[in-house]
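Peer 1: This is the structure I want to talk about, given as structure tokens.
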Amino acid sequence: MTTDTDRSLPAASHSGAPAPLSQHETIELVLRNLNRHWVPIRKSFVQQGKGKDTRPGPLAKFVPGHDERGLDTYLLLHALASAPPWNCDLPSGFWVRALGLADPTATGTKAIDNARPAVSKITARLVERELVARARVKRRSSLTLMCEDGSGTAYKHPHDTNEQWFSLPHEYWFEHHYTNLSLRAKVMLLIALERPDNFTLAQNKVPGWYGISEDTAFHGLRELRDVGLLHVEPKWVESARSDIGYTQQFVYSLRGAFSVASRNKASRIAKTNYTGPVKETT
């Protein structure tokens, strides 16, 4: 005869706590629970001004110091702090895992503890650039978004201020682009997202418009093409100053979830708290 004792659960293991979630498991867990598929980012993060007054946005400041983790922290914070009061109150251990900072030579919680100071340094750089405000809440660091233009003003959703913005699909995280792309490719991805579909980009204009070198733009675009995120179409246009009367241009368009068509479709079906149109501005 089978008794209740016979049907009881197996005894708990005494081998200790499970291994910490991996970087990707951590990010996927929090984003899957948000019921959102993209995040809006003001175009002023990438570029500001118009015409002769066009100038780089705060994105350019991540390049000289190779601050790739700072950029990913900022982009992930946008995904997590996507509703009022636009803040994220998570322990430093979460950020250690989400940013892949855990010490591979340490075991258990020591692997997390050793990397906590690095989280503080990364967020301090975002605070210095006036993109994030940081406060202590119950011994945790609470991070609050500031306006993407680096002005230090309080964050408001771009819908509420009628400002131009672009969407960053969560596929950036789900498809491992945050780990597989170089910093220069990430920068050019954000620049491409800011531009209209089938855009051209004179690389000699890149330093003045976006604050990065022509070399960074060239290699970043090539990498996006090589991994299948960017379609490049060469075309010849008339040019009186050319030896042959023509000059070659390249027309760029993002592909997959990052294409304008896919992002507009995701925007139309998105569940938001806003009653106005959700199509991104171009």
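Peer 1: Residue by residue, what Karplus-based ³J(HN,Hα) values in Hz, rounded to whole numbers, does the range 58-63 have, using 6.51, -1.76 and 1.60 with θ = phi - 60° and x for Gly and Pro?
Peer 2: In residue order, the calculated couplings are x, 3, 4, 6, 7, 7 Hz.
Peer 1: Another question, then. Only loop residues by DSSP count here, and only those with at most 14 other Cβ atoms within 10 Å; note down the trypsin sites (Lys or Arg not before Pro) in the range 71-177 that meet that.
Peer 2: Here the sparse-neighbourhood loop sites are 138, 139, 156.
Peer 1: With axes computed from alpha carbons, what is the tilt in degrees of helix 68-80 against the longest principal axis of the chain, rounded to the nearest 10 within 0 to 90?
Peer 2: Orientation of helix 68-80: about 70 degrees from the principal axis.
Peer 1: Putting +1 on Lys and Arg Cβ atoms and -1 on Asp and Glu Cβ atoms, find which of 40, 218, 155 reaches farthest to the positive end of the dipole of the range 23-269.
Peer 2: Of the listed residues, the answer is 155.
Peer 1: Return one quarter of the surface area of the convex hull spanned by the alpha-carbon atoms of the chain, equal to its mean projected area, in nm².
Peer 2: 21.4 nm²
Peer 1: Would you mind checking which residues have amide H under 5 Å from residue 115's amide H? H placed 1.01 Å from N; only 5 or more apart, or other chain.
Peer 2: Here 103 satisfy the definition.
Peer 1: Taking only the Cα atoms of the range 142-282, how large is their convex hull per residue, in Å³?
Peer 2: Measuring per residue, one finds 161 Å³ for the Cα hull of the range 142-282.
Peer 1: Using modelled amide H (1.01 Å from N, peptide plane; none on Pro or chain starts), what sits under 5 Å from the amide H of residue 156, excluding residues fewer than 5 places away?
Peer 2: Those qualifying (amide H under 5 Å, at least 5 residues apart or on another chain) number zero.
Peer 1: Which whole-percent values make up P(r) of the range 38-136 when all C-alpha to C-alpha distances are grouped in 5 Å steps starting at zero?
Peer 2: Spelled out per bin, shortest first, that is 3, 11, 20, 21, 18, 13, 7, 4, 2, 1, 0, 0.
No value in this document is a laboratory result; all are computed from the given coordinates. The shown structure was predicted, so the numbers you read here are calculated from the model rather than taken from an experiment. Cβ coordinates were reconstructed from backbone atoms using ideal geometry, including for glycine residues, and neighbour counts include every protein chain displayed.
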